[in-house]
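Inspection log for the structure reproduced underneath, given as structure tokens.
The values are calculated or read from the model by the stated rules, or taken from the named source; none is laboratory data. Note that the structure is a prediction, hence the values are computed from the model and not measured. Glycine also receives a Cβ, built like all others from the backbone with ideal geometry; neighbour counts cover every protein chain displayed.
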Amino acid sequence: MTKKKAKITALNEKEGVPQPKSISEKVASTLKKRRKKVPSTSDLIKGVLIKDKTSLSRAITLVESTTINHQKQARKIIETCLPYANKSIRIGITGVPGVGKSTFIEQFGKLIIKNNLSLAVLAVDPSSSISGGSIMGDKTRMEDLVKETNAFIRPSASGNSLGGVARNTREAIVLCEAAGYDIILIETVGVGQSEIVVHSMTDFFLLLKLAGAGDELQGIKRGIIEMADSILINKADGDNITAAKLAKTEFNRALHLYPDKGNSWTPKTLTCSALHNIGISDIWILIQKYISITKESGYFQKKRNEQNKYWMLQTIENSLKREFYNHPKIKEELKKQLVLIEDNKVTPFGAADYLLTIDD
């Protein structure tokens, strides 16, 4: 009886080519050592103070961690680095998606570096509610700037807690300042509450706008414009130049109607084309003028002092809230009160009063 030939198929497994032992074992051993070697707190502090980007990134990661041991380590790093901070200029940048923030920051950043200054970009990056990952992906959008030796870019996904990312960004500013970065840019997407947070931790707040594109944020537009120290009409190029000039005039008129900020500064509107690198130097000159005026009047330091007090109170509130909800008895009673509310046996206010009176 003749044997049937084996059916030839692309699904048959073939034995692969073995890796040379000398190479694979060496690489595996090196990677294993790297994974095991966790920098000590003192090593990270030393690294941050000599502007080592890896140490700075690791220190910020510790700040962002919710692990108790990491939080203790981060607190020690922040406390040690604090005396070396407060020497930078903090600039907040916001604008609706598509306004050209990334292109502007890249051009603006390159200008800063050409002026022999160093730059750190911290992005309050919105995150996907599904995957939890960052949406903006700043490092992929600033290809030239990320290659610069004197530039550091760090996105922070906000997740579901803007308060958490606000604190993380605030402490990341301290670390970047301790590392010696002259200019700190804090970027946020212009979709709501994040503008207030970024405004509360910056010296100069810049609002990027588009001419003739309409405004989908009518409800919060007034609040954002009130916070702005300058409005920048981007994409003022090609057929859009006339519309940009008209928008500039209209915004300048409108800005004079807003209440005085008490800092001897009237917000101004400028135009630029980040894509063609036109008008970028004008906004840098304006920022320098603003810093000079506010430092001379004493408003610069006064604002920073007020921001420090604000963040102290915010930290207390966040800590009290966290301790309250993590209390074992509160956790148990909260579930019961939620059921009672659903059954219409207690009002939300009565349930809240009861939970707040629970003793240890």
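Just one of the numbered conditions (1) closer than 20 Å to Y181 by Cα; (2) in contact (Cβ under 8 Å) with a residue 24 or more places away in the chain; (3) crowded, with 16+ Cβ neighbours inside 10 Å is not true of Q73: (1). Could you pull out the residue among I60, I89 that is among the β-branched types (V, I, T) and within 23 Å of F300 (Cα to Cα)? Answer to the selection: I89. Mind listing just one residue for me: the one in region 271-323 that is among the hydrophobic types (A, V, I, L, M, F, W, C) and without any contact (Cβ under 8 Å) to a residue 12 or more places away in the chain and, of those, farthest from E106 (Cα to Cα)? Among those residues, the one meeting the criterion is L320. Taking (1) touching a residue at least 40 places away in the same chain (Cβ under 8 Å); (2) in contact with a Leu (Cβ under 9 Å, 6 or more places away or on another chain) in turn, K268 satisfies each apart from (1).
The set of residues from region 236-285 being surrounded by fewer than 16 Cβ atoms within 10 Å (Cβ to Cβ) and β-branched (V, I, T) comprises I241, T242, T249, T266, I278, I285.
Per-residue answers, yes or no, for (1) at pLDDT 55 or above; (2) surrounded by fewer than 22 Cβ atoms within 10 Å (Cβ to Cβ); (3) in a helix (DSSP H, G or I):
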| residue | (1), (2), (3) |
| --- | --- |
| I105 | yes, no, yes |
| A123 | yes, no, no |
| F152 | yes, no, no |
| G159 | no, yes, no |
| R167 | yes, yes, yes |
